[in-house]
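Q: Sharing a structure with you now.
The values are calculated or read from the model by the stated rules, or taken from the named source; none is laboratory data. Everything numeric in this text was worked out from a predicted model, so none of it was measured. Positions of Cβ are backbone-derived with ideal geometry, glycine not excepted, and every protein chain shown enters the neighbour counts. Just so you know, the surface numbers come from the protein's heavy atoms only, side chains and all, with ligands and any DNA or RNA stripped out. Shrake-Rupley method; radii C 1.70, N 1.55, O 1.52, S 1.80 Å.
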Protein chains: 2
Amino acid sequence: MTNLQLTSYDCIVVGAGLAGLIAARNLQRQGHQVLVIEARNRYGGRMSGQYLPSGQWIDRGGQWVGPTQERFLALLDEYKIRRFPSPNQGKTVLVFNNKRYEFNGFFQGFHEGEVPDIGPAEWQDAMSAWARFQELTKTLPSGYPQSNDHTKKLDSKTFAQWIEENTSTDFGQWYFAYMVRAVGFLGPAEPQQVSLLHVLWGQNCAPQAEHPEAELIHGGAGQIPDKIAAELGERIRLGEPVVRLNYDSAGVTIETTQNTFTAKFAIIAMPPHLAGRIIYHPPLPPQREQLTQRVPMGCCAKILISYEQPFWRKQGLAGVAQGNCQWLELCADSSDPETGVGVIATFVVGDRYIRWRSMSGPARRAAVLSDLAIYFGQEALFPISYDEVDWPGDPWTGGAYAAFMPPGVWTSFGEALFTPVGPIHWAGTEMADRWPGFFEGAIRTGEAAADRIALLLREK
Amino acid sequence: MTNLQLTSYDCIVVGAGLAGLIAARNLQRQGHQVLVIEARNRYGGRMSGQYLPSGQWIDRGGQWVGPTQERFLALLDEYKIRRFPSPNQGKTVLVFNNKRYEFNGFFQGFHEGEVPDIGPAEWQDAMSAWARFQELTKTLPSGYPQSNDHTKKLDSKTFAQWIEENTSTDFGQWYFAYMVRAVGFLGPAEPQQVSLLHVLWGQNCAPQAEHPEAELIHGGAGQIPDKIAAELGERIRLGEPVVRLNYDSAGVTIETTQNTFTAKFAIIAMPPHLAGRIIYHPPLPPQREQLTQRVPMGCCAKILISYEQPFWRKQGLAGVAQGNCQWLELCADSSDPETGVGVIATFVVGDRYIRWRSMSGPARRAAVLSDLAIYFGQEALFPISYDEVDWPGDPWTGGAYAAFMPPGVWTSFGEALFTPVGPIHWAGTEMADRWPGFFEGAIRTGEAAADRIALLLREK
């Protein structure tokens, strides 16, 4: 330890989530001296899994990968990690206003396959609003949202307001509220909490129509941090929250609760609000300070429920369910065909989460299983495992899936999201301009930060 | 120091702003052992002043008091601090779309006195919208906003959206944008950043019509922290940021960057986002964790410019100006008649602040003086002092005047603002339900926290 403390590094990475691990690994592969400092006693951040007694793995954080997530697919290939198609044979269940429908299709903003039988006026209401929404996305150029009269206008409105103005049925309204509570790039958020501009931007750079949940990973995404960390070895220090970061043009001095380290550069690979909890000296520029106060994490718990087998398939169901039930609006079949165990991944989001989290553990479990029984039948009441992952209750992430922008943040403070401050560079899925909120976004920002630092180290 | 470390206190107050000082003083007066821990090397928080070489004082933070601010008036009386009427003899200047008006009146939401000559349609537009705004405030019961269908609807909209729907002229639009950028209880904020519900609530519990800026204080509000601190003596520790707070039913253990202290109770007297930067063990309830990510400080710098004398009075002007100039929307005469020096207090807010702050120091000064010359004439270009107070650049406050609620925060996370967590209680002007954002609000929450802790100590 003494030895490590005396060393000055080329770059210190704060945060051992996927973005931080990738940044550190890439710099080390180019021969640079790196150190990764992590507050938790584990690495991986929101990429985290475990094995159940049944031999089935579950992912406590993210779990999916899609065909256009190039950097994530390359990472899986590099580590020879095998994938399989997300199980979706059979009918989707929709429960809307206490009526249950089965249909061979799916929707999450975009729609494919059969239409559920909720009534032609209701469906038409949602589809015509969806067409207007898509038209509106085309008014934004690619990349981060810029600040101009048009974007300012879009950023002045909550998504709830847009929904109210563009839908006229209960179903149409829920269709879009469900979209922002279910889709990853937006927090998730209740529609009144998120900027219309942010939702449009998310739709452009992380479209569900590209099927980001097309495949699952044998053994889970949670195995990946171990593989990257193996390359970094003792260059990762766990259980050391960073308290202070002093910087000048020569580099950084980083104080954790236990030690002090110095380096030429730092990469802060954390969600913005957590990056804002470090004491910086000199203080960060005001625009960055203010940004870190204005970019909250989504309010969402993940629950993983496993069964002896995927019993829903006997009934011709895909294990995919959506609807405005009391607690669960989205369920996804996450069963690995090689284990034979049935796994449902589901989420409790937003105001549902606040109510649900205030109940006792047994009541929370009963609530989740009761909704699962509405979607999939009584067999859902008898799982072999039940795991809650309370991301908003975990202060080293503070929510899930990712951070989002309330109204007026992108167009006033957005550029501080990615602008380096002296020797301090930022990384993390929140600042990706392609697949933000996904593993793909984390990898892209980690790679980009490493590239920038490597270039600066060559110049230094 | 060793001695202090070994002592266990009845209550530790984190944050030596006005709320924290009042809480500690009141507990100590009842015979309880208290300790105040402050990150900065000074106490007072946003109550902070200084003397200029001319002998004139200036307040770097808040400075005014009004007739219904009972607890603040009582505090001033207790310490025998003298007040004087805010200078307002003479005409107000309004500059709108590059046209300059003088009138014997004032508006800031409510209006009194003469009407400026901006055109009857323009004025009528603002006034009829103001009547609708006031009607809407009456739909809210007193106290913190509750969560119900009506408040949810109001909380789904930005104030910008309400302005767009309720005004039809440039002037009408600016009238309300100016209101939320100039009035204290709202951050200040750009209208697209703040919830309509929050603005309505602020209007109810901190109405400008009660003249909260009616009086100024001889010697400045900045002298008050010294007087309270004198009573606390060495019970205040400066320059010790609190890093961790461990708690259970028996009490708290608080680690600063230098020491560790224990107590039966803690009062965290800071804006919510700063309270969220402490590492709590066990972690705070998720609703509180999420709240601290969602309540940003206003984006506002205060600038104090002094002159040999209040030259504007020769021209029959009150030293009060408002308008949509490039940088300054509100100027107020803050000259103490006993010193004879002329002082203008002004603010650069929101998007104006972001642009202004990106310029060099000399360019910032030139920008401010040039706007002052538009309002008050060329003599404004020759001050004897110029002081910028960059609150958003000060990480131990993070903005000014106070924190505000973006859409969807009150109705989903609001109750976590004031709900104690085990032995941890909260204070600070942000959580006041009367005069939030003002000194009055800070005193009320400090007093209330002390009362609660005193009661609990008696029961313990």
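Q: At least 1 residues that are of a type in the set (D, E, K, R) in each: list the strands (runs of 3 or more DSSP E) lying fully within region A:302-367 that qualify. If you could, list the steps in order and put the result at the bottom.
A: Working: elements: A:317-323, A:330-333, A:342-349.
Strands (runs of 3 or more DSSP E) meeting the threshold: A:330-333.
Q: Which of the residues spanning region A:100-114 are closer than 17 Å to residue A:173 by Cα and free of Cβ contacts under 8 Å to residues at least 40 places away in the same chain?
A: Selection gives A:111 alone.
Q: Given the structure, is residue B:364 surrounded by fewer than 24 Cβ atoms within 10 Å (Cβ to Cβ), in contact (Cβ under 8 Å) with a residue 12 or more places away in the chain and within 14 Å of chain A (Cβ to nearest Cβ)?
A: On the way: surrounded by fewer than 24 Cβ atoms within 10 Å (Cβ to Cβ): yes; in contact (Cβ under 8 Å) with a residue 12 or more places away in the chain: yes; within 14 Å of chain A (Cβ to nearest Cβ): yes.
In short, yes.
Q: Going by the conditions given, is residue B:452 without any contact (Cβ under 8 Å) to a residue 24 or more places away in the chain and in a helix (DSSP H, G or I)? If you could, list the steps in order and put the result at the bottom.
A: Working: without any contact (Cβ under 8 Å) to a residue 24 or more places away in the chain: no; in a helix (DSSP H, G or I): yes.
The answer is no for residue B:452.
Q: Before we move on, is residue B:396 within 14 Å of chain A (Cβ to nearest Cβ) and surrounded by fewer than 24 Cβ atoms within 10 Å (Cβ to Cβ)? Show your work before the answer.
A: Working: within 14 Å of chain A (Cβ to nearest Cβ): yes; surrounded by fewer than 24 Cβ atoms within 10 Å (Cβ to Cβ): yes.
Judged against the criteria, residue B:396 is a match.
Q: Ok, one more. With the checklist (1) more than 12 Å from every other protein chain (Cβ to nearest Cβ); (2) modelled with pLDDT of 95 or more; (3) surrounded by fewer than 23 Cβ atoms within 10 Å (Cβ to Cβ) in hand, flag the one item residue A:209 doesn't pass.
A: Among (1) more than 12 Å from every other protein chain (Cβ to nearest Cβ); (2) modelled with pLDDT of 95 or more; (3) surrounded by fewer than 23 Cβ atoms within 10 Å (Cβ to Cβ), the lone unmet condition for residue A:209 is (2).
Q: So how many residues does region A:1-38 have that are assigned to a strand (DSSP E or B), at pLDDT 95 or above and over 15 Å from residue A:447 (Cβ atoms)?
A: Filtering region A:1-38 for residues assigned to a strand (DSSP E or B) gives A:8-14, A:17, A:34-37.
Right, trim to at pLDDT 95 or above and you get A:9-14, A:17, A:34-37.
Going one step further and asking which of them are over 15 Å from residue A:447 (Cβ atoms), we end up with A:9-10, A:12, A:14, A:35-37.
Matching residues across region A:1-38 total 7.
Q: Starting from residues that are touching a strand residue (DSSP E or B) at 6+ places or on another chain (Cβ under 7 Å) and in a loop (DSSP other than H, G, I, E, B), keep the ones in region A:374-389 and report whichever is most open to solvent (accessible area, probe 1.4 Å).
A: A:384
Q: While we're looking at this one, here's another question. Since residue A:411 meets every condition but one in (1) open to solvent by 40 Å² or more (accessible area, probe 1.4 Å); (2) closer than 30 Å to residue B:358 by Cβ; (3) not hydrophobic (A, V, I, L, M, F, W, C), which condition does it not meet?
A: The one condition residue A:411 does not meet is (1).
Q: Moving on. Quick one: residue B:460 ticks every box in (1) open to solvent by 10 Å² or more (accessible area, probe 1.4 Å); (2) at pLDDT 95 or above except a single one, so which number is it?
A: For residue B:460, the failing item is (2).
Q: Tell me whether region B:437-448 contains one or more residues that are open to solvent by less than 10 Å² (accessible area, probe 1.4 Å) and either assigned to a loop (DSSP other than H, G, I, E, B) or within 14 Å of chain A (Cβ to nearest Cβ) (or both).
A: Checked against the condition, which is being open to solvent by less than 10 Å² (accessible area, probe 1.4 Å) and either assigned to a loop (DSSP other than H, G, I, E, B) or within 14 Å of chain A (Cβ to nearest Cβ) (or both), region B:437-448 yields no hits at all.
For (1) open to solvent by less than 10 Å² (accessible area, probe 1.4 Å); (2) within 14 Å of chain A (Cβ to nearest Cβ), each residue gets a yes or a no:
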site: B:330; (1), (2): no, no
site: B:344; (1), (2): yes, no
site: B:348; (1), (2): yes, yes
site: B:355; (1), (2): no, yes
site: B:372; (1), (2): yes, no
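Q: Hey, another quick one. Within region A:257-273, identify whether any single residue is farther than 30 Å from residue A:342 by Cβ, free of Cβ contacts under 8 Å to residues at least 24 places away in the same chain and not basic (Lys, Arg), and answer yes or no.
A: Here is the first cut: in region A:257-273, the ones farther than 30 Å from residue A:342 by Cβ are A:257-273.
Imposing the further condition that a residue be free of Cβ contacts under 8 Å to residues at least 24 places away in the same chain reduces the set to A:257-258.
Cutting the leftovers down to not basic (Lys, Arg) gives us A:257-258.
Yes, there is a match, as at least one residue in region A:257-273 is farther than 30 Å from residue A:342 by Cβ, free of Cβ contacts under 8 Å to residues at least 24 places away in the same chain and not basic (Lys, Arg).
Q: Here is a further query. I'd like to check something: does region B:234-242 contain any residue that is more than 12 Å from chain A (Cβ to nearest Cβ), at pLDDT 95 or above and part of a helix (DSSP H, G or I)?
A: The answer is yes; a qualifying residue exists.
Q: A further question follows. If I filter region A:414-434 down to residues being surrounded by fewer than 22 Cβ atoms within 10 Å (Cβ to Cβ) and of a type in the set (Asp, Glu), which single residue comes out as nearest to the chain's Cα centre (by Cα)?
A: Here the residue is A:433.
Q: Of the conditions (1) open to solvent by 70 Å² or more (accessible area, probe 1.4 Å); (2) over 14 Å from residue B:318 (Cα atoms); (3) not in a strand (DSSP E or B), residue B:88 clears all except one; give me its number.
A: Only one criterion in (1) open to solvent by 70 Å² or more (accessible area, probe 1.4 Å); (2) over 14 Å from residue B:318 (Cα atoms); (3) not in a strand (DSSP E or B) is unmet by residue B:88, namely (2).
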